[in-house]
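Take a look at the structure below.
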Amino acid sequence: MSEAPGWEPFRQGLARQLAELHDGGFVVLTVPSRSRDAVGRRSALFGLIPPKIESVAPFVQLLRSEETLRAECIGPTSLGGRFPYTAAEQEQMPGLGWHATVADGMGGPVWVHFFPDDVPTAPYLPRELADAAAALAVTTLREVFGCVTPDLVEPTTQRDG
């Protein structure tokens, strides 16, 4: 996918934010315009209570915990998550660097990536890892979820834990 206008400044700004997060701080990047309908609750009582359909937006969240940054992405319904991925979208995730985890039972994120991916050997998040985390988030939003411009991304940030 060719670089769309605005993504590089967005990625650079995100990398700066991530490098400056305090322990417990986070950034969530949601794309409401790419929402899809998903079953929020299955039917019950032999179909007398119909399933509840919810609109679910894709997101990537980045959370600092001590000297590590944990990137999480909404998981596919096929793995216990809440977002109805296509087969092609789901197949892209490992190639981008995401690792599937066990669903938390509440439809929480099931794709994760840690920065650093091993025991931290330096103070929190060197610049190259902040750049890599921002690139992973941007690439996922663009290539997996089809977000064509950063103007469609709704960020939520808590800088201090």
Mind counting the residues in the stretch 16-30 that are outside any helix (DSSP H, G or I) and buried (at least 19 other Cβ atoms within 10 Å of the Cβ)?
-> 6
Considering the stretch 106-153, residues that are among the acidic types (D, E) and modelled with pLDDT of 90 or more, and then whichever is least open to solvent (accessible area, probe 1.4 Å), we arrive at D131
Give the number of residues within the stretch 134-161 that are touching a His at 6+ places or on another chain (Cβ under 9 Å) and within 17 Å of P58 (Cα to Cα).
-> 1
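The values are calculated or read from the model by the stated rules, or taken from the named source; none is laboratory data. Only a predicted model underlies this, so the values are computations on that prediction, with no experimental measurement involved. Reconstructed Cβ throughout: ideal geometry from the backbone, glycine too, with neighbour counts over all protein chains shown. Quick note on the areas: whole protein, heavy atoms, side chains included, nothing else; ligands and nucleic acids left out. Shrake-Rupley method; radii C 1.70, N 1.55, O 1.52, S 1.80 Å.
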